[in-house]
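In what follows, a single structure is set out as structure tokens and then discussed.
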Amino acid sequence: MCTGACSKFIAIPLYVLALVSVICNIMLFFPAFDTQFAKADKKGNARITDEVKYMGGLIGGGIMVLIPAIHIHLTSAKNCCANRCGMFLSIGFAAAGVLGAIFSLSVASVGLANGPVCSSSKEYPENHWGRPFANSSGSYLSDKSLWSLCKIPENVIEFNVGLFSTLLVAASLELILCAIQMVNGLFGCLCGTCSGKEASK
């Protein structure tokens, strides 16, 4: 496969993964699909998981991957960046994507291990907010009997586990694809992109 065609094959999944990361990060701001917790957190009452506010999915897995994906895609387009210089630059862009993916992966891992912010009481929720699994090293994930400790927001553990897990998978795939593009960019820089423009030289 030509390096230019390989770039296109890499860029298109990166678009999808970046979009998924952004959506997951935004959704995590609204546990139980309710805006009241985000509003309360904005007022200084801790209601949103800290790792959500680091915006690993929005910045790392989203923006820091989306921008490289655009350039990587352009290296497959004729009369644009489908040349040795474009492929050389794609190495740097892909490296930035790797860093973004690592950031997203790290934040999602910590968020999953520490669990959500929740209240253990439905009767007096204001006095019982905290992170009951913060020191569990993720052991709560395999013991669903502990999940009943979180009463509010409703089903917040399933909500966080599902979205943080999705971020983990997305970031892992982004990391792999960007790493492959770094190698592909090196070959494209040394050997060309197989585009008609370069073939004619």
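The values are calculated or read from the model by the stated rules, or taken from the named source; none is laboratory data. As the structure is a computational prediction, the values presented were derived from the model and not from experiment. Cβ atoms come from the backbone with ideal geometry, glycine included; neighbour counts cover every protein chain shown. Note: areas computed on protein heavy atoms with side chains; ligands, DNA, RNA excluded. Shrake-Rupley method; radii C 1.70, N 1.55, O 1.52, S 1.80 Å.
The single residue among Ser200, Ser120 that is of a type in the set (Ser, Thr, Tyr), touching a Cys at 6+ places or on another chain (Cβ under 8 Å) and at pLDDT below 90 turns out to be Ser120.
Here is a yes/no grid of residues against (1) open to solvent by less than 50 Å² (accessible area, probe 1.4 Å); (2) within 14 Å of Val156 (Cβ to Cβ):
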{"residue": "Ser21", "(1), (2)": "yes, no"}
{"residue": "Phe33", "(1), (2)": "no, yes"}
{"residue": "Gln36", "(1), (2)": "no, yes"}
{"residue": "Gly44", "(1), (2)": "no, no"}
{"residue": "Ile48", "(1), (2)": "yes, yes"}
{"residue": "Met55", "(1), (2)": "no, no"}
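Among the residues of segment 75-93, none qualifies, meaning not one is open to solvent by less than 40 Å² (accessible area, probe 1.4 Å) and of a type in the set (D, E, K, R). The residue that is modelled with the lowest pLDDT, counting only those in segment 1-54 that are aliphatic (A, V, I, L, M) and not in a helix (DSSP H, G or I), is Met1. Of all residues in segment 124-170, those satisfying the criterion of being free of Cβ contacts under 8 Å to residues at least 60 places away in the same chain and among the polar types (S, T, N, Q) are Asn127, Asn135, Ser136, Ser137, Ser139, Ser142, Ser145, Ser148, Ser165.
Answer yes or no as to whether Ser109 is open to solvent by less than 10 Å² (accessible area, probe 1.4 Å), under 19 Å from Leu175 (Cα atoms) and part of a helix (DSSP H, G or I). It is false that Ser109 is open to solvent by less than 10 Å² (accessible area, probe 1.4 Å), under 19 Å from Leu175 (Cα atoms) and part of a helix (DSSP H, G or I). Only residues that are touching a Cys at 6+ places or on another chain (Cβ under 7 Å), part of a helix (DSSP H, G or I) and not polar (S, T, N, Q) were counted across segment 132-180, and they come to 4.
Residues satisfying the criterion are absent from segment 95-110 (criterion: over 22 Å from the mean Cα position of the chain (by Cα) and more than 20 Å from Ile176 (Cβ to Cβ)).
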